[in-house]
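In what follows, a single structure is set out as structure tokens and then discussed.
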Amino acid sequence: MGRTSKDKRDVYYRLAKENGWRARSAFKLLQLDEQFQLFQGVTRAVDLCAAPGSWSQVLSQKIGGQGSGHVVVAVDLQAMAPVPGVLQIQGDITQLSTAKEIIQHFEGCPADLVVCDGAPDVTGLHDVDEYMQAQLLLAALNIATHVLKPGGCFVAKIFRGRDVTLLYSQLRVFFSSVLCAKPRSSRNSSIEAFAVCQSYDPPEGFTPDLSRPLLDHSYDFNQLDGPSRIIVPFVTCGDLSSYDSDRSYPLDLEDGSEYKYTPPTQPPISPPYQEACRLKKKGWLAKEIRPQDHPISRVDTLPQPLAAPESHTLLAPEMEDNEMNCSP
């Protein structure tokens, strides 16, 4: 699909490029802030699963640029292009060393706000996707219990699936207020929403421990009752007059000027096609087959099948994993 058709289909994609955001998800955090005033009084913020960095950009503009003492830390397993005003950690959010490094950047002080817009690679199997997202959210919550101050706020992406009630119950153990919010920039066709957890108040005697999962699977998800079953309010965010993420808008601008394509603010650091070119150059990818190289003279005549490479198949068996991940 061409660039123009993609711009026309998704107005938030186009607005993100025009306004210098790395991804359209920046509008989700902005609309959540409009509804809940997430940044009010915040001086130290953490962005978990930060790549490609759109939420870090928002935090940098709203918090990092307010003067000395205002710190934003971004954490991700992937390398991420630098964001002005943001300290980056390339690490695993399930490791205690990552939590300690975050606190070091805050000079020993806890964070006021922890956000996480991370999501797994979607498989299309809804039960699997919901489970993986739940585990990612719990990993983010687990590290938040190490770095978040009492009364702090935690915001994380959540998939509204069949067993989401247990997640809400787990969040209510640590926060006085838990709401499920759906920003207007989030597509209606998506089960994505955001858990907005305010007033961090861990139970008495709780000790953060990254070695133990928070979610106990001994419960029957659909049989929770009493205080274990929490009914979380569902809230929509964003001005009703703002753009609809599921609607197509014309490319003609309001002032009558001609539409001009805007390239992405931050191109990929290591695009997949560069890796493919590197492998092809080394002979690890099969030769490209073009129709003009094998013309068909008659309808009932087919070209001879291509012989397999003599020395290796599609990928060399002896290739090491770390060699696949190196930059070209």
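The values are calculated or read from the model by the stated rules, or taken from the named source; none is laboratory data. Only a predicted model underlies this, so the values are computations on that prediction, with no experimental measurement involved. Because the Cβ atoms are built from the backbone with ideal geometry, glycine has one as well, and the counts that use them run over all protein chains shown. We work out accessible area using only protein heavy atoms, side chains counted, and drop any ligands, DNA or RNA first. Shrake-Rupley method; radii C 1.70, N 1.55, O 1.52, S 1.80 Å.
Sorting Leu87, Leu166, Leu77 on solvent-accessible area from highest to lowest, probe radius 1.4 Å, gives Leu77, Leu87, Leu166.
Say the cut-off is 27 Å between C-alpha atoms; which of Lys28/Lys260; Lys62/Lys260; Lys17/Lys149; Lys62/Lys100; Lys62/Lys149 go over it? The pairs that break the limit, which is 27 Å between Cα atoms, are Lys62/Lys260; Lys17/Lys149. Residues Asp121, Asp76, sorted by accessible area with the largest first, give Asp121, Asp76 [1.4 Å probe; ligands and nucleic acids excluded]. Computed on protein heavy atoms with a 1.4 Å probe, the accessible areas place Thr94, Thr165, Thr236 in the order Thr236, Thr94, Thr165, largest first.
Taking 25 Å as R0, compute the FRET efficiency from the Cβ-Cβ separation of Leu240 and Arg187 and round it to 0.05. With a Förster radius of 25 Å, E is 0.90. Quantify how much of the Cα-Cα distance distribution of the stretch 1-147 extends past 26 Å, in percent. So the portion of pairs separated by more than 26 Å is 27 percent.
Under 5 Å between amide hydrogens, built in the peptide plane, is the criterion, and for Leu148 it picks out Ala111 among residues at least 5 positions away or on other chains.
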